[in-house]
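This report refers to the structure that appears directly beneath it.
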Amino acid sequence: MNPMQTCRSVRVLALLSVAALVACGGRNAAQAGSGGSGTDVLALMQARNLTEADVTAALKTYTPTGHLDEYYTFASGGHGGNLIVIGVPSMRILKYVGVFTPEPWQGFGYGDESGEVLAQGNRGGVELTWADMHHPALSETDGDYDGKWIFVNDKCNPRVAVVDLSDFMTKQIVSSELIASEHGATFVTPNTDYIVETSQYPAPLGGGYAPIEQWNDKYRGAMIFWHFDKVKGRIVPEESWAMELPPYVQDLADAGKKVSDGWVFCNSVDTERAYGGILEGKPPLESGATQNDMDYLHCINWRKAEALVKAGKTNTIAGMRVIPLQTMIDENILAFIPEPKSPHGVDITPDGAMLVVGGKLDTHTTVYDIPKIAGMIAAKKYVGKDPYGVPILDFKESIVGQCEIGLGPLHTVFDDKGFAYTSVFIETVVAKWSLKDLKVVQKIDTHFNIGHLVAAEGDTVSPDGKYLIAMNKWSLDRFSPVGPLLPQNFQLIDIGGEKMELLYDMPLPLGEPHYAQMVKADKIKPIDVYKPIGMNPYTEAVDVNATTAGKERIERRDDGVHVFMTSVRSHFSPDIVRVKVGDTVHLHVTNVEQARDATHGLAIGGQNINVSLEPGKHCNIKFVVKKEGVFPFYCTEFCSALHIEMAGYLLVEPK
Ligand code: CUK
Ligand code: CUA
């Protein structure tokens, strides 16, 4: 077989390898116009101005119809207050899960019980309809994703939500008035006993006012341990607790695993305790907060803290049991270690033995030795105290070393081969470095200003390697211009080989996602339909008001008009509902379908009612009719040929 024939057969074999094509060089190019199926690729490459690397990337990401993705990525929706579900490697968006923000397609927040879930997130009597979502965390068993729930936070109005991955619905929102903002959330302990939420900007604990000049005495930080009940799938606020922290600006946190199980680590910035005051003759917060060369890494023994809570050594603030700072010190639960100026990410290695801190104004990542730290804390080998009496460990004694990484390291994730990947913001690269010798092996440009990065199972005890997504803040020229507000740019990077390779740019136009979780697809096992018919997703049981075909009815009761309705292709029954002005209408709707994807939607004009009725689902809608009129209702999902005919009337008669 001559080289030319070899070349041709490679092409004919479904273009197995573009590398092989290109290796054949000019001969292929010369044949490009000469006909034959194999030559089309080269012609296409030329016509679209694609390089060999481009085509390789396409082959690694293109997912033909009917093929499923290998991973799910759950990205925070940033300002959108929702969770974005993305398939990897295709980077196809699969779903937006409404969490803190009403979401019309899912009918989330438009009349049924979902409104009660959203209302759980209101604070201080204020209705909140957005959030600044930063850090999703998948539930874990033994430090590995178990694919059952995902927890998300709101930085602006400190809240934590539980999203159930059996139906990808938000089931609970909790919030404590103990703190006024947060950031180090959500991070789970290795068996999802607790979901950690740490305050960011100090304020008086439990709310209320104190002059900002009394910052040092009256303002505080806190870390909340929300207890999660894995049988019920809900956070139990009564079994949750917190600890008081000094008024430093606590930043990100991470829970220990394996050898460091039982510990949680948290960064802080502004150990100077500056609070701004530009018009009052003080330096702006950002310059006041960057005077010290070092800030404090908080090392917290949460297991010991949990025992103290059980022993009742707490105060109650805003309904939350709180371990006082002095008790934390007396019981040797909290210790500090200096960390490079204005740190950001704090990420524990898969074996649980090391901790990587990125200093935003530093050129290193700093690697701490956790077993050594735990030993020094147990032996009280302290070298000083902060102004509140918190003991401090020696920096040099606590670290393994530092990696010369470039300007502005933020976050670090890991692979299965002993490498760490750090986002370097100012240099706008991903740096791959070895945990063995703390040496950089490769940098890859990102476009542009990378924030977090996420790797396949990259913060579990057993990362997969394979894929990494750079979550970039700026996209500049990467996409067709859409006015001054540009999308974010998610860049998929292949980390399976020796060298990182950029595969795909994906615009994200719905808020600024911060962190994400990437999990093997076979760990996620959602239901196809709600079963048995009449399931209420919020109680996870057949609803007492569920209706079956033939049992539809309208009943006038003391508390209003109850309509027991079914939906099926292509009608609602009843389809005429007669009420009077001032009536409270209770619509109990069961979608009696069991065919996959046979979803109906029920929208009622003039009432702001819009629900999604997936097969088998039951929902209870409640509203008051305020004025007389004729209000058509109809199905909002193109469910069948007679979908337009799937309609009815709400007739509101005068009193
Ligand atoms: S933070 Cu956004 S880039 Cu909230 Cu995790 Cu670092
Ligand atoms: Cu049901 Cu359209």
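Can you pull out every residue in the range 139-157 that is open to solvent by 10 Å² or more (accessible area, probe 1.4 Å) and either among the β-branched types (Val, Ile, Thr) or within 16 Å of ligand 1 (Cβ to nearest atom) (or both)?
Scanning the range 139-157 gives THR141, LYS155, CYS156, ASN157.
Can you tell me which residue in the range 452-487 is farthest from ligand 2 (Cβ to nearest atom), limited to those that are more than 15 Å from the chain's Cα centre (by Cα) and of a type in the set (Asp, Glu)?
Across the range 452-487, the extreme among qualifying residues is ASP477.
Would you please name the residue that is most open to solvent (accessible area, probe 1.4 Å), looking only at residues in the range 502-511 that are aliphatic (A, V, I, L, M) and closer than 20 Å to ASP415 by Cα?
We begin by selecting, within the range 502-511, every residue aliphatic (A, V, I, L, M); these are 502-503, 506, 508, 510.
Narrowing further to those that are closer than 20 Å to ASP415 by Cα: 502-503.
Details: LEU502: 66, LEU503: 18 Å².
The selected residue is LEU502.
Any idea which residue in the range 76-122 is surrounded by the most Cβ atoms within 10 Å (Cβ to Cβ), counting only those that are part of a strand (DSSP E or B) and touching a Pro at 6+ places or on another chain (Cβ under 8 Å)?
SER76
Report yes if VAL624 is closer than 24 Å to MET169 by Cβ and either of a type in the set (A, V, I, L, M) or touching a strand residue (DSSP E or B) at 6+ places or on another chain (Cβ under 8 Å) (or both), otherwise no. Let's see the steps before the verdict.
Working: closer than 24 Å to MET169 by Cβ: no; either of a type in the set (A, V, I, L, M) or touching a strand residue (DSSP E or B) at 6+ places or on another chain (Cβ under 8 Å) (or both): yes.
Criteria not met by VAL624.
Taking interchain pairs and intrachain pairs at least six residues apart, which have beta carbon atoms under 6 angstrom, with the first residue in the range 629-655 and more than 8 Å from ligand 2 (Cβ to nearest atom) and the second in a strand (DSSP E or B) and among the charged types (D, E, K, R)?
LEU651/ARG578; GLU653/LYS580; LYS655/LYS580
Test of understanding: among PRO211, PRO204, which residue is touching a helix residue (DSSP H, G or I) at 6+ places or on another chain (Cβ under 6 Å) and closer than 22 Å to GLU272 by Cα?
Unique residue meeting the criteria: PRO204.
Enumerate the pairs (first residue in the range 570-586 and at positive phi and open to solvent by less than 80 Å² (accessible area, probe 1.4 Å); second residue anywhere and away from ligand 2 (no atom under 16 Å from the Cβ) and part of a strand (DSSP E or B)) with beta-carbon separation below 9 Å, excluding pairs fewer than 6 apart on the same chain, so at least 6 apart or on different chains.
These pairs meet every condition: GLY582/VAL624.
Restricting to the range 398-421, count the residues that are more than 11 Å from LEU438 (Cβ to Cβ) and of a type in the set (Val, Ile, Thr).
2
For the condition modelled with pLDDT of 95 or more, open to solvent by 20 Å² or more (accessible area, probe 1.4 Å) and within 16 Å of ligand 1 (Cβ to nearest atom), what is the one hit in LYS499, LYS473?
Details: LYS499 fails: within 16 Å of ligand 1 (Cβ to nearest atom).
Exactly one residue qualifies, and that residue is LYS473.
State whether the residues of the range 492-513 include one that is closer than 17 Å to ILE93 by Cα, part of a loop (DSSP other than H, G, I, E, B) and touching a Pro at 6+ places or on another chain (Cβ under 6 Å).
yes
When the range 566-578 is examined, which residues are found to be away from ligand 2 (no atom under 16 Å from the Cβ) and under 17 Å from MET646 (Cα atoms)? Lay out the reasoning, then the answer.
At the first step, the residues of the range 566-578 found to be away from ligand 2 (no atom under 16 Å from the Cβ) are 576-578.
Listed by number, the residues that qualify are ILE576, VAL577.
With respect to VAL563, determine if the residue is in a strand (DSSP E or B) and more than 16 Å from ligand 2 (Cβ to nearest atom).
Numbers: in a strand (DSSP E or B): yes; more than 16 Å from ligand 2 (Cβ to nearest atom): yes.
Answer is yes for this residue.
If I filter the range 252-271 down to residues being open to solvent by 10 Å² or more (accessible area, probe 1.4 Å) and within 16 Å of ligand 1 (Cβ to nearest atom), which single residue comes out as nearest to HIS135 (Cα to Cα)?
Among those residues, the one meeting the criterion is ASP254.
The values are calculated or read from the model by the stated rules, or taken from the named source; none is laboratory data. Keep in mind that this is a model prediction, so the values were computed, not measured. Virtual Cβ from ideal backbone geometry, glycine too; neighbours counted across all protein chains shown. To get the accessible areas, we keep the full protein, side chains included, count just its heavy atoms, and leave off ligands, DNA and RNA. Shrake-Rupley method; radii C 1.70, N 1.55, O 1.52, S 1.80 Å.
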